[in-house]
Amino acid sequence: MSTLSFSPSITTTTHAQFSHPLSSMSILRRLPLARRLRFSSSRSNNRVASVVTAAAVRQDAALWTPAPLSLIESAAESLFHVSIDVSGSPDLAASYTRPGQYLQLRVPDVEKPSFLAIASPPSLAASRGAFEFLVKSIAGSTAEVLCGLKRGETVELSAVMGNGFDMGQVDPPEEYPTVLIFATGSGISPIRSLIETGFGADRRSDVRLYYGARNLKRMAYQEKFKEWESSGVKVVPVLSQPDDGWTGETGYVQAAFARAKQVSKPEATGVVLCGQRQMAEEITAMLVADGVSDDKMLKNF
């Protein structure tokens, strides 16, 4: 199974993402300053501790790239469009090569980083030097602080991480005419990148995106649906708590797909899953039972 996970717990410390086996220096880095200084009872040891701390700060600075915010606006209820200008960091922009990759983002005065999938296609980074994100504002989180910042304020970005979606596993389009895509909530973020990067949807006979949200107020990128459909992707919105008058699919994504299914050639089917874990696991079980190869399921949750 090809599992491409971009969502390690945000409680994981920033430095652990880049650390090597623990050395005395890295142990000191993880201790609060007051505890570090208790190791040094003499003036000489205090000087050593100061050198170690300074080296740690320099090492940490090398892992983060400052970049200004160029746009923050509402995308849907509790969701925000965030665009960051990385034109001054061409190496960082060029390192984003495949939809599904992600990075860590830090905001001023908040130690804990936020893990964010890049929503824009790599071509946008190459042509305009921009990374775009779809950010869910959660009370008390780094994401909430980010969504409260203003244009021009500076954040810090880590290196781009992850292998992204390897659509080569379901190529050429003629051999895999069916690609089923499933996303819930802010999990649509890397799916947007995938669709707008292009994977030959117009050369496949059946490309469906099942996109779940509570209601239309919480569904981002509705303004892009026509564009996505013109590229060959049929968009199937699924609302779990729709407002009166909704005539489309209701309930959870996995239930909506179970009602439709229509997988005519399991051996010629590729799958992309992103979002809520239970949804992804239930969809996987359904499709494997129908004969779709687990190796043709690209997962990002």
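Would you pick out the residues in region 267-278 that are open to solvent by less than 30 Å² (accessible area, probe 1.4 Å) and modelled with pLDDT of 95 or more? Spell out the reasoning first.
First, pick out the residues of region 267-278 that are open to solvent by less than 30 Å² (accessible area, probe 1.4 Å): 268-275.
Correct list: A268, T269, G270, V271, V272, L273, C274.
Among the strands (runs of 3 or more DSSP E) confined wholly to region 103-206, which include 2 or more residues that are touching an Asp or Glu at 6+ places or on another chain (Cβ under 8 Å) and touching a residue at least 40 places away in the same chain (Cβ under 8 Å)?
Details: elements: 114-117, 130-136, 154-157, 178-184.
Fully inside region 103-206 and qualifying: 178-184.
Report yes if N215 is more than 21 Å from T97 (Cβ to Cβ) and surrounded by fewer than 21 Cβ atoms within 10 Å (Cβ to Cβ), otherwise no.
Working: more than 21 Å from T97 (Cβ to Cβ): yes; surrounded by fewer than 21 Cβ atoms within 10 Å (Cβ to Cβ): yes.
For N215, the condition - more than 21 Å from T97 (Cβ to Cβ) and surrounded by fewer than 21 Cβ atoms within 10 Å (Cβ to Cβ) - is met.
I need a count of the residues in region 259-300 that are acidic (D, E) and at positive phi. Break it down into steps so the answer makes sense when it comes.
If we filter region 259-300 for residues that are acidic (D, E), which is where we start, we get 267, 281-282, 290, 294-295.
So of that shortlist, the ones also at positive phi come out as none.
Total meeting the criteria: 0.
List every residue pair whose Cβ atoms sit under 9 Å apart, with the two residues 6 or more apart in sequence or on different chains, where the first one lies in region 216-243 and is in contact (Cβ under 8 Å) with a residue 40 or more places away in the chain and assigned to a loop (DSSP other than H, G, I, E, B) and the second, anywhere, is hydroxyl-bearing (S, T, Y) and open to solvent by 20 Å² or more (accessible area, probe 1.4 Å).
Hits for this filter: A220/S186.
Where the second residue is surrounded by fewer than 20 Cβ atoms within 10 Å (Cβ to Cβ) and hydrophobic (A, V, I, L, M, F, W, C) and the first is closer than 20 Å to A117 by Cβ and at pLDDT below 95 and lies in region 283-301, which pairs have Cβ atoms under 8 Å and are six or more apart or on separate chains?
Close Cβ pairs (under 8 Å, with a partner that is surrounded by fewer than 20 Cβ atoms within 10 Å (Cβ to Cβ) and hydrophobic (A, V, I, L, M, F, W, C)) amount to K299/M1.
The values are calculated or read from the model by the stated rules, or taken from the named source; none is laboratory data. All values reported here derive from a predicted model rather than from experimental measurement. With ideal geometry, Cβ positions are generated from the backbone for all residues, glycine too; neighbour counts draw on all protein chains shown. The accessibility values were calculated without ligands, DNA or RNA, using every heavy atom of the protein model including side chains. Shrake-Rupley method; radii C 1.70, N 1.55, O 1.52, S 1.80 Å.
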